[in-house]
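The values are calculated or read from the model by the stated rules, or taken from the named source; none is laboratory data. Keep in mind the model is a prediction, meaning the values are calculated, not measured. Cβ atoms come from the backbone with ideal geometry, glycine included; neighbour counts cover every protein chain shown.
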Amino acid sequence: MWIYTPEGFMSVVNKGDVDEDGKALLCVRSRYEGDLAGLKSFMSEFRNTEIEIEFTYKNDYQCRVFVRKIDFMTYMAKLIGNLDYSNFKSKCANDSVFMNRESAMTGLGRIWATTYESFAGNHVFYHGEEGEWNPEKEFL
């Protein structure tokens with residue numbers, strides 16, 4: 001799963017690893033160490049667990065950490081709970097790990113443009129009052 005947040009870009013996969021207690025671990029990867037700093041800080045502050053970022057030059061994601069699935073879910077819930085912006089790209093440009101990385105901001109713009117172009121012509125169907133989307137009518 002690719003995840004873009006103001007704290008950075010992460011690729012999250014389940015490689016089937018478990019910790020010493022048999023709890024599922026996720027591998028959270030990035031190409032830039034700073035993109036994992038928020039997760040590392042969260043684990044230290046809220047879980048009282050220090051995680052080490054592993055580095056490798058053999059893979060396309062050079063930085064990686066392994067965390068319990070439940071801890072990563074809690075981290076994502078924290079990010080969502082703290083969401084306070086109305087425009088993601090503006091947030092990233094002005095207050096995020098991306099703001100001093102011009103190539104990263106260019107990349108976010110390209111991602112936006114690519115997804116926009118990929119879905120052009122596809123229509124979201126709205127059912128209900130004043131264009132409100134009703135997922136029950138859409139998917140059920």
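Going through segment 46-74 one residue at a time, which ones are in a helix (DSSP H, G or I) and either in contact with a Leu (Cβ under 6 Å, 6 or more places away or on another chain) or without any contact (Cβ under 8 Å) to a residue 24 or more places away in the chain (or both)? Show your work before the answer.
At the first step, the residues of segment 46-74 found to be in a helix (DSSP H, G or I) are 46-47, 69-74.
Those that are in a helix (DSSP H, G or I) and either in contact with a Leu (Cβ under 6 Å, 6 or more places away or on another chain) or without any contact (Cβ under 8 Å) to a residue 24 or more places away in the chain (or both): K69, F72, M73.
A quick yes/no check of all residues on (1) in contact with a Cys (Cβ under 6 Å, 6 or more places away or on another chain); (2) among the aliphatic types (A, V, I, L, M):
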| residue | (1), (2) |
| --- | --- |
| I53 | yes, yes |
| T56 | no, no |
| M73 | no, yes |
| I80 | no, yes |
| Y85 | no, no |
| D95 | no, no |
| R101 | no, no |
| G107 | no, no |
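Considering each of L26, L108 in turn, give the residue that is touching a strand residue (DSSP E or B) at 6+ places or on another chain (Cβ under 8 Å) and in a strand (DSSP E or B). Step through it out loud before you land on a result.
Working: L108 fails: in a strand (DSSP E or B).
Every option except L26 fails the conditions.
For segment 45-67, what are the residues that are under 19 Å from the mean Cα position of the chain (by Cα) and among the hydroxyl-bearing types (S, T, Y)?
Y61
Kindly check whether there is at least one residue in segment 95-103 that is assigned by TED's automatic domain parsing to the domain that holds S30, of a type in the set (D, E) and assigned to a helix (DSSP H, G or I). Show your work before the answer.
Within segment 95-103, the first condition is being assigned by TED's automatic domain parsing to the domain that holds S30, and the residues that meet it are none.
Within segment 95-103, none of the residues are assigned by TED's automatic domain parsing to the domain that holds S30, of a type in the set (D, E) and assigned to a helix (DSSP H, G or I).
Among the residues of segment 16-45, count how many are exposed (fewer than 15 other Cβ atoms within 10 Å of the Cβ) and either touching a residue at least 60 places away in the same chain (Cβ under 8 Å) or in contact with a Leu (Cβ under 8 Å, 6 or more places away or on another chain) (or both). Reasoning before the result, please.
At the first step, the residues of segment 16-45 found to be exposed (fewer than 15 other Cβ atoms within 10 Å of the Cβ) are 16-24, 33, 41, 44-45.
Still in the running and either touching a residue at least 60 places away in the same chain (Cβ under 8 Å) or in contact with a Leu (Cβ under 8 Å, 6 or more places away or on another chain) (or both): 17-19.
Count: 3.
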